[in-house]
Amino acid sequence: AVTSSWLLAGRGFRSSPLSHAEVQEYFGRPVIGLDLVDPRYYHLDTALCVLDADGDEIMYYPGAFSPGSRAVLERLFPDALIAAEADAVALGLNAVSDGLHVLLPQACLLYTS
């Protein structure tokens, strides 16, 4: 996932942490590795969505991440939208945004705090 400041990369079920250094070297941008701990959220795009790539606006489901990764997200994105479990389970974070509009599965309610 790409924000204006960082490249966010998942670690866990379908990725190798070795890829993060290669991506950072190739793009010359900091890569923030985030540990996924719930197998229902097997890939970063099932647990986090960038809402505006020109800024640092994201939404994510905290329960998908390790405590350390949640702390990083809270620090880097204090104004993030926090998705409810019901929306995350319905793959509501596997959304697409152009910075103004967000397209997501119809089953999602988007209960956010």
Those residues of the stretch 79-93 that are part of a loop (DSSP other than H, G, I, E, B), surrounded by fewer than 18 Cβ atoms within 10 Å (Cβ to Cβ) and modelled with pLDDT of 90 or more come to a total of 2
What is the residue count in the stretch 94-113 for residues that are under 12 Å from residue 48 (Cα atoms) and either open to solvent by 50 Å² or more (accessible area, probe 1.4 Å) or at pLDDT 90 or above (or both)?
2
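The values are calculated or read from the model by the stated rules, or taken from the named source; none is laboratory data. Just so you know, these numbers come straight off a predicted model, no measurement behind them. Because the Cβ atoms are built from the backbone with ideal geometry, glycine has one as well, and the counts that use them run over all protein chains shown. Accessible surface is based on the protein model in full, side chains and every heavy atom, while ligands, DNA and RNA are left aside. Shrake-Rupley method; radii C 1.70, N 1.55, O 1.52, S 1.80 Å.
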